[in-house]
Amino acid sequence: MSTTGVTARVTVKSPDQMQELGRRLAPLLHPGDLVLLTGELGAGKTTLTRGLGEALGVRGAVTSPTFVIARVHPSLTGGPALVHVDAYRLGGGLDEMEDLDLDVSLPESVVVVEWGDGKVEELSEDRLHVVIGRAVGADAPGGLDGHPEEDADDVREVTVTGIGARWAEAGLPELEIC
């Protein structure tokens, strides 16, 4: 399986901007796409997924699936369903994930897996890996670029990597969020 890919980076300064990033990524996604979201608790993984769901036109509020493990949001527009998975409490690799039948859902859905790093990569050679990290300097007194600390808590550096032939051909657009 290929581990090299095309990468785009963006600084996100608020939850609204994280949701906007999800809305910008959604048009790039097709049925069969796997999206892995990596980041600490509270990084914005579900907020980004909410933006994806909004732009994909799916039914139901996109909320954290922590306690149900997976939620399926059918399309209201004839597009792909959004399958939102939280693998945080799942310790095993793909074996434990098989009970969720993600391999069955994947061909006609966009499958987003929070905490899926090291657990679901085998589902698809082509995937989008989104890593959300606290911006460098966000813990410093006075925040990032002189912003107050409460604003600095929301600043994230997001790295989006398209892995596999699909993303090598399609590439990633500039993801600047204003």
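The values are calculated or read from the model by the stated rules, or taken from the named source; none is laboratory data. Computed from a prediction, not measured in an experiment: that's the story for all the values here. As a convention, Cβ positions derive from the backbone with ideal geometry for all residues, glycine included, and neighbour counts pool all protein chains shown. Areas reflect the complete protein model, heavy atoms only, side chains present, ligands, DNA and RNA absent. Shrake-Rupley method; radii C 1.70, N 1.55, O 1.52, S 1.80 Å.
Net charge within 14 Å of GLN19 by Cβ-Cβ distance, Lys/Arg positive one each and Asp/Glu negative one each, not counting GLN19 itself? Neighbourhood net charge equals +2.
Solvent-accessible surface of protein heavy atoms, probed at 1.4 angstrom with all chains present, puts GLU176, GLU157 in the order GLU176, GLU157, largest first.
Peptides 40-52, 24-36 ranked from most to least packed, by the mean per-residue count of other Cβ atoms within 10 Å: 40-52, 24-36. 3J(HN,Hα) along segment 162-168, derived from phi through the Karplus expression 6.51 cos²θ - 1.76 cosθ + 1.60 where θ = phi - 60°, amounts to x, 10, x, 4, 4, 7, 5 Hz, with x in place of Gly and Pro. For segment 1-76, the square roots of the Cα gyration tensor eigenvalues, ordered a ≥ b ≥ c, give a/c below 1.5, which places it in the rounded category.
A simple rule links phi to the HN-Hα coupling: the Karplus curve 6.51 cos²θ - 1.76 cosθ + 1.60 with θ = phi - 60°, which for segment 18-30 gives 5, 5, 4, 4, x, 5, 6, 6, 3, x, 7, 8, 10 Hz, with x for Gly and Pro.
For ALA168 and ARG59, what is the calculated FRET efficiency with R₀ set at 35 Å and r taken between the beta-carbons, to the nearest 0.05? The value I calculate is 0.60.
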